[in-house]
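Participant: Quick one: structure below, then a few questions.
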Amino acid sequence: MSLALSLPETDSRLAKVTARDVNVHYAEKHALKHVDLDIRSNEVTALIGPSGCGKSTFLRCVNRMNDMIENCRVTGLLTLDGDDVYDRKIDVVQLRARVGMVFQKPNPFPKSIYDNVAYGPRIHGMARDQGELDEIVMTSLERAGLLAEVKDRLLEAGTGLSGGQQQRLCIARAIAVAPEVILMDEPCSALDPIATAKVEELIDELRENFTIVIVTHSMQQAARVSQRTAFFHLGELVEVGDTEQIFTNPQHPLTQGYITGRFG
Amino acid sequence: MTEMVEKSVARTATDTAAARLKRRYAAERRFKAYGIVAIALALGFLATLLITVFSNGATAFVQTEMRLDVTFDASEMGLGDDRSPDALAGANYLAVVKNAIYARFPEVEGRSARRELAAMLSNGADITLRDLVQDDPSVIGTTRPVWMIASDDVDMAIKGHIPRTPGTDGARLSDQQLGWLEALEQSGAVELKFNTLLFTTGDSREPELAGLWGAIVGSFFSLSITLMVCFPLGVATAVYLEEFAPKNRWTDLIEVNINNLAAVPSVVFGLLGLAIFLNFFGMPRSAPLVGGLVLALISLPTIIIAGRAALKAVPPSIREAAMGLGASRLQVVTDHVLPLAMPGILTGTILGMAHALGETAPLLMIGMVAFIVDIPGSPFDPAAVLPVQVYLWADSPERAFVERTSAAIIVLLFFLAAMNLAAILLRKKFERRW
């Protein structure tokens, strides 16, 4: 049973990603149950919920990162701009160029800062010459708010940056491929408060050009950066709505219990 | 009252805690002591081995030579006026050698005495003269002092490996020969010189002429073949099994079998090589080509296992990062995983090659134990390899081969150490942190 169905249908013309009756099984485990969710364009959607509730699983369905996991089975309909993500004809490589991802732990390649950002554009053949590639790298670093800090050491190792800088480098790397959607899996959980504030600020700026889905354990963060919030519990989508409404006037007792800190 | 009881309880508690702590530290010290004893024992054995080998083998790197005044007489050499390279190569240098030593001891007469005298020089002494003349034909017709190789018995006597007291058990030189040697030594005509033949010639029945170069070249060809076959195959297998293969019963079965292959006695691989490469495909016997292929079969499991471990050690976050950017599985492997795993793979490969370098038994099966004098010119020529050369020399009765066996072991150990050093350097060079 999904409560989301009973909520007023959001304006689906705005929906960038839609999920209809999405189920995920890991071998015997039913990890995600009958999820219906619309993710709107140029908004930040926060996925919250206690550990193991399926929010990361849902996130990884959107760019099919679950394909890498043995015994993982996804059913239901998941679309990106109306294209079925799990259609046989969809090329996963193309899909992941359209749906970027930022991970929990900063994971820059053990290469130079420049090569980290340039890797995506290179494999997708986005630049015709070195000049274009330079421009993509510079713009991406600029938009990730990192250029000022690293412009003198572009050829130094990306792994030599601080944790917060590494995470912004990963964001720069993701946006260099010009994706439509950026998935963020607890991007600030390994960062200190100052670095977190910077990343959150960046997320807010990126909303202008990208659709962002962020998984977070911090309800304050969800409240700060998102326009819409979806609450997951035990693999089910319990409630989804405008962030303000979820945090001030939750409809479901579970949501209320979670945001007031009674469990989770 | 209660207070006292509490105090004593507290004290006993601390006492037992202190005793327990003491036992714990004692256990730790004992454990450390066991470790140190074990390491000391291992080092002791290693030191014994190295000292034995080096003390036996060190003298093989020098060789006794004798200086004699040699008269290059064209008629004795059967040359006439012909100075063409063919004529120079075919000239009779043995006569010149014999004349030289007869001239040194003109008082010696009679055939048997003269034969004994000539036997003090190596059968290969004429080769020295031939090389000299071929380098510079103008020496013909002159008389000049030349250092020539002594026979192995003289060599052993000079080095003190066989007694020099006449009539002693094991003295292989006659009283007369010992006397001549004494005379030569007193005139400064006997010297120990660096044994270049050891590093320039192939095997020989005469210890003083036997060299390792043939075996070194044979080992080099064999290992080149091994590397060319097992590195690409091993890396491809490791990458496929680790990155692409589905995890099912078949891949499990393959994995178990690869692990088992690593434990199969190497002589079995030799029989396999004999049956398949020699008998079925009809490849040449005793050739480094076949030796290399057999050694490749032996090293392959090692390289696959090391390669898989290295690939497994690459953090999954790197794979995820590349996947998330839209890299294909192959791009993830070639651009990120493989470069990061390379140090580990290279280390495994070099250790596998070092193992292959020291392998003997399988090569005996495919005929590499033959007595081969020529230096192999290609992997298709018959050849010996270093460990087989050690085996062959260890089997030879002459006293001089004892020290040469040790010398061959030293050379083999040197190559092994060099390869291990290369493994360390490569790992250092390619190691990257993440």
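The values are calculated or read from the model by the stated rules, or taken from the named source; none is laboratory data. All of these numbers come straight from a predicted model, not from anything done at the bench. When we count neighbours, we look across all protein chains shown, and the Cβ atoms used for this are built from the backbone with ideal geometry, even at glycine. Accessible surface is based on the protein model in full, side chains and every heavy atom, while ligands, DNA and RNA are left aside. Shrake-Rupley method; radii C 1.70, N 1.55, O 1.52, S 1.80 Å.
Participant: Out of all the residues in the stretch B:63-74, is one or more among the basic types (Lys, Arg), more than 17 Å from residue B:128 (Cβ to Cβ) and touching a residue at least 40 places away in the same chain (Cβ under 8 Å)?
Facilitator: no
Participant: Of all residues in the stretch A:223-237, count the ones that are surrounded by 22 or more Cβ atoms within 10 Å (Cβ to Cβ) and of a type outside the set (A, V, I, L, M, F, W, C). Even if it seems obvious, please write down each step before you answer.
Facilitator: Here is the first cut: in the stretch A:223-237, the residues surrounded by 22 or more Cβ atoms within 10 Å (Cβ to Cβ) are A:225-226, A:228-233, A:237.
If we keep only those that are of a type outside the set (A, V, I, L, M, F, W, C) as well, we get A:226, A:228-229, A:233.
Matching residues across the stretch A:223-237 total 4.
Participant: Are any residues in the stretch A:53-112 at positive phi and either free of Cβ contacts under 8 Å to residues at least 24 places away in the same chain or part of a strand (DSSP E or B) (or both), and if so, which ones?
Facilitator: Within the stretch A:53-112, A:76, A:82 meet the criteria.
Participant: Hey, could you check the stretch A:61-99 for residues that are farther than 17 Å from residue A:34 by Cα, in contact with a strand residue (DSSP E or B) (Cβ under 6 Å, 6 or more places away or on another chain) and crowded, with 23+ Cβ neighbours inside 10 Å and say which is farthest from the other protein chains (Cβ to nearest Cβ)?
Facilitator: A:99
Participant: Restricting to the stretch B:130-143, give me the number of residues that are in contact (Cβ under 8 Å) with a residue 24 or more places away in the chain, assigned to a loop (DSSP other than H, G, I, E, B) and of a type outside the set (A, V, I, L, M).
Facilitator: 2
Participant: Out of the stretch B:306-330, which residues are in contact with a Gly (Cβ under 9 Å, 6 or more places away or on another chain) and surrounded by fewer than 20 Cβ atoms within 10 Å (Cβ to Cβ)?
Facilitator: B:309, B:313
Participant: So, one more: Tell me which residues, restricted to the stretch B:113-129, are open to solvent by less than 80 Å² (accessible area, probe 1.4 Å) and outside any loop (DSSP other than H, G, I, E, B).
Facilitator: Answer for the stretch B:113-129, where residues must be open to solvent by less than 80 Å² (accessible area, probe 1.4 Å) and outside any loop (DSSP other than H, G, I, E, B): B:113, B:116, B:117, B:118, B:121, B:125, B:126, B:127, B:128, B:129.
Participant: Of all the residues that make up the stretch B:385-434, how many are within 14 Å of chain A (Cβ to nearest Cβ) and among the small types (Gly, Ala, Ser)?
Facilitator: Here the count works out to 0.
Participant: Okay, next question. Can you tell me which residue in the stretch B:237-255 is surrounded by the most Cβ atoms within 10 Å (Cβ to Cβ), limited to those that are of a type in the set (D, E, K, R) and assigned to a helix (DSSP H, G or I)?
Facilitator: B:242
Participant: Among the residues of the stretch A:123-140, write down those that are in contact with a helix residue (DSSP H, G or I) (Cβ under 7 Å, 6 or more places away or on another chain) and outside any loop (DSSP other than H, G, I, E, B).
Facilitator: Answer for the stretch A:123-140, where residues must be in contact with a helix residue (DSSP H, G or I) (Cβ under 7 Å, 6 or more places away or on another chain) and outside any loop (DSSP other than H, G, I, E, B): A:123, A:133, A:136, A:137, A:138, A:140.
Participant: Determine whether residue B:373 is open to solvent by 40 Å² or more (accessible area, probe 1.4 Å) and either under 30 Å from residue B:160 (Cβ atoms) or modelled with pLDDT of 90 or more (or both).
Facilitator: Judged against the criteria, residue B:373 is a match.
Participant: Which of the residues belonging to the stretch A:101-126 are more than 15 Å from residue A:175 (Cβ to Cβ) and of a type in the set (Gly, Ala, Ser)?
Facilitator: The answer is A:112, A:125.
Participant: Right, something else. Please work out which residue is modelled with the highest pLDDT, limiting yourself to the stretch B:198-220 and to residues that are open to solvent by 40 Å² or more (accessible area, probe 1.4 Å) and in contact with a helix residue (DSSP H, G or I) (Cβ under 7 Å, 6 or more places away or on another chain).
Facilitator: The extreme case among them is B:213.
Participant: Being more than 10 Å from chain B (Cβ to nearest Cβ) and more than 26 Å from residue A:29 (Cα to Cα): is that true of residue A:129 here?
Facilitator: Criteria met by residue A:129.
Participant: I'm trying to understand the selection: among the residues of the stretch B:100-112, which are of a type in the set (Gly, Ala, Ser) and either within 22 Å of residue B:209 (Cα to Cα) or part of a loop (DSSP other than H, G, I, E, B) (or both)?
Facilitator: Within the stretch B:100-112, B:100, B:110 qualify.
Participant: Continuing with the same structure: Take the conditions within 14 Å of chain A (Cβ to nearest Cβ) and either touching a Phe, Trp or Tyr at 6+ places or on another chain (Cβ under 9 Å) or open to solvent by 40 Å² or more (accessible area, probe 1.4 Å) (or both) and apply them to residue B:333. Does it pass?
Facilitator: Yes: the conditions hold for residue B:333.
Participant: Still on this model: If you check B:400, B:417, which single one turns out to be open to solvent by less than 40 Å² (accessible area, probe 1.4 Å) and in the same structural domain as residue B:278 (by TED's automatic domain parsing)? So that I can check it myself, show each step before the final result.
Facilitator: On the way: B:417 fails: open to solvent by less than 40 Å² (accessible area, probe 1.4 Å).
Being open to solvent by less than 40 Å² (accessible area, probe 1.4 Å) and in the same structural domain as residue B:278 (by TED's automatic domain parsing) holds for just one of B:400, B:417, which is B:400.
Participant: Shifting gears a bit: Among (1) farther than 29 Å from residue B:277 by Cα; (2) of a type in the set (D, E, K, R); (3) open to solvent by 70 Å² or more (accessible area, probe 1.4 Å), which single condition is residue B:395 missing?
Facilitator: (1)
Participant: Further question on the same structure: Sort out which residues of the stretch A:59-117 are aromatic (Phe, Trp, Tyr) and under 19 Å from the mean Cα position of the chain (by Cα), and write them in order of number.
Facilitator: Those that are aromatic (Phe, Trp, Tyr) and under 19 Å from the mean Cα position of the chain (by Cα): A:86, A:103.
Participant: Would you pick out the residues in the stretch A:238-264 that are exposed (fewer than 14 other Cβ atoms within 10 Å of the Cβ) and farther than 15 Å from residue A:47 by Cα?
Facilitator: Those that are exposed (fewer than 14 other Cβ atoms within 10 Å of the Cβ) and farther than 15 Å from residue A:47 by Cα: A:248, A:249, A:253, A:260, A:261, A:262, A:263.
Participant: For residue A:58, only one of the following conditions fails: (1) open to solvent by 40 Å² or more (accessible area, probe 1.4 Å); (2) more than 14 Å from chain B (Cβ to nearest Cβ); (3) closer than 19 Å to residue A:20 by Cα. What is its number?
Facilitator: Among (1) open to solvent by 40 Å² or more (accessible area, probe 1.4 Å); (2) more than 14 Å from chain B (Cβ to nearest Cβ); (3) closer than 19 Å to residue A:20 by Cα, residue A:58 violates only (1).
Participant: In this structure, does residue B:304 turn out to be under 21 Å from residue B:431 (Cα atoms) and more than 9 Å from every other protein chain (Cβ to nearest Cβ)?
Facilitator: Spelling it out, residue B:304 is indeed under 21 Å from residue B:431 (Cα atoms) and more than 9 Å from every other protein chain (Cβ to nearest Cβ).
Participant: Answer yes or no: is there a residue in the stretch B:277-286 that is in a helix (DSSP H, G or I), farther than 17 Å from residue B:227 by Cβ, within 14 Å of chain A (Cβ to nearest Cβ) and open to solvent by 30 Å² or more (accessible area, probe 1.4 Å). Break it down stepwise before answering.
Facilitator: Looking only at the stretch B:277-286, we keep the residues that are in a helix (DSSP H, G or I), and these are B:277-280.
Narrowing further to those that are farther than 17 Å from residue B:227 by Cβ: B:277-280.
Restricting the remaining residues to those that are within 14 Å of chain A (Cβ to nearest Cβ) gives none.
No; the residues of the stretch B:277-286 include none that is in a helix (DSSP H, G or I), farther than 17 Å from residue B:227 by Cβ, within 14 Å of chain A (Cβ to nearest Cβ) and open to solvent by 30 Å² or more (accessible area, probe 1.4 Å).
Participant: Quick one: residue A:200 ticks every box in (1) modelled with pLDDT under 90; (2) over 27 Å from residue A:20 (Cα atoms); (3) not basic (Lys, Arg) bar one, so which box is it?
Facilitator: (1)
Participant: Just for the stretch A:100-121: of the residues that are over 16 Å from residue A:140 (Cα atoms) and more than 8 Å from chain B (Cβ to nearest Cβ), which one is most open to solvent (accessible area, probe 1.4 Å)?
Facilitator: Result: A:104.
Participant: Looking at B:27, B:87 in this structure, which one is part of a helix (DSSP H, G or I) and either touching a helix residue (DSSP H, G or I) at 6+ places or on another chain (Cβ under 6 Å) or surrounded by fewer than 14 Cβ atoms within 10 Å (Cβ to Cβ) (or both)?
Facilitator: B:27
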